Every structure is written in structure tokens, then in C-alpha cells.
1. Is it the case that segment 34-46 has a residue that's touching a Pro at 6+ places or on another chain (Cβ under 9 Å) and at pLDDT below 95?
2. Can you tell me which of Ala93, Ala4, Ala64 is within 21 Å of the chain's Cα centre (by Cα), open to solvent by 10 Å² or more (accessible area, probe 1.4 Å) and over 20 Å from Pro148 (Cα atoms)?
3. With the condition kept exactly as written, say whether any residue in segment 208-215 is open to solvent by 20 Å² or more (accessible area, probe 1.4 Å), without any contact (Cβ under 8 Å) to a residue 40 or more places away in the chain and basic (Lys, Arg).
4. Conditions: (1) surrounded by 21 or more Cβ atoms within 10 Å (Cβ to Cβ); (2) farther than 30 Å from Glu85 by Cβ; (3) in contact (Cβ under 8 Å) with a residue 60 or more places away in the chain. Ala33 meets all but one. Number of the miss?
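The values are calculated or read from the model by the stated rules, or taken from the named source; none is laboratory data. Everything numeric in this text was worked out from a predicted model, so none of it was measured. We place every Cβ from the backbone using ideal geometry, glycine too, and count neighbours over all the protein chains shown. Just so you know, the surface numbers come from the protein's heavy atoms only, side chains and all, with ligands and any DNA or RNA stripped out. Shrake-Rupley method; radii C 1.70, N 1.55, O 1.52, S 1.80 Å.
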Amino acid sequence: MPTARESLLDAAYAALAARPWAGVRMVDVAAEAGVSRQTLYNEFGSKEGLARALVRRETEGYIAGVTRALAEPGPGPGAPGGDVESRVVAAAAWTVRAARTNPLVRAALTGCWSERLPTPAGGVPGQRAVYPGGVSTQPGARADGPPPGPTDLVVRFCDCAVAALEADWPKEDLPELGTACATAARLTLSYVVAPAEPEDLARQLHRAFAHAAHRP
């Protein structure tokens, strides 16, 4: 059974799908979640706190998907490192798909926040901001830090890829793996910003890893 916090975040996300964030009312979010408005304020402190927590949850869900994709064995073309390439392609495909279906993930990845979305007051995710009045001083209020921005998510994609793939990569070529994963993260982000055929992204990722593995 979901906690009150998760129910509130679910309700906030559902409300955002129906109307711009400026039109989302805290009282309606609390009612949809089946809790009191006081519980909502105890959890998040303010509407800005709810926004930060919602963006953070969606981006953490995106990173969890990247980790899952990297953990799944891919078919691989049969060459050394081929399975590694297939897993990175799967993580890239998940990224593009998540950006297409989740407006908060897309905004966090690109840094482009429309007026419909819950941009935290005083700045965009990934930047330290001063929030009017700070987070609520009510007992029990949780201070959620700024959600990640594009640079944070590119770094985390790269770190997840290196951590998941290094066991299957020649130890003497580990620096090249880091370079290939950084290239993969940036290529993937470029396809989020300027969508193209998925096959083109896959080919470029295979080429980057083939070069890193010194394969023709």
C-alpha cells in the first residue's frame, strides 16, 4: 500500500496531466490522495516543496530505468564488448522513450521548462535556488534539495553505465570505457533534444564503443 507521501506525489502528477501546474491546488491534491491538507503541508512544506519532490521522484525513476536497462543482458553482435554496446543502446532507448512520455523527465534532461510544468521558485532544477520563505518550518516538513538538471543526469547516466559494464570490459581499457559512456550519454541527450530515427542513435553508439574497444 502506498505511503501518504507517494499517494500525494501520484495525485500531483495526475493533476499536472490535466492542467498547468499554476492551476493545481494543494487542497485538490490532498483530496485526491485521500489525506488532509495538513498532511500535505507536513510532508512537503509548500507547493514549491511538492514541486521539487515530484521532479526528483520522476528523475529518480528515470535513472532507475537506466540502471535496469544496463543490467539486462543484450543479444550483442558477437564481438568482444558487443553485449556491452547492446545494453547501452537499451539504456539510450529507455531515455528517449522516457523523455517522450514524461514531460518532467524531458524538462530535467533538456533544461527546457514550459509554463505548464512545476519549475521550483527561484530557478530551475539543477541550480541552487533561494525559495521564498524557505521550506516550511512546520514540524515534520522535509527539505528536498534541488532536483537534478541536465548535467547531473548526463553524469549519472555515465556513472551508471561504467558501474554496470566495467566487469565485462578489458581492465586495461577501462579509461576508454569511461570515454565511451560519456559519449553515449551526450549522444543520447542530443537525440532527446533533436529526435531522429532510433536506428541512427544505435549505430552511433555501436560506433563509439567499437572505437573504444579498438575494433574495426
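1. The answer is yes, given that some residue of segment 34-46 is touching a Pro at 6+ places or on another chain (Cβ under 9 Å) and at pLDDT below 95.
2. One residue alone meets the criteria, Ala93.
3. no
4. So Ala33 meets the others, but not (3).
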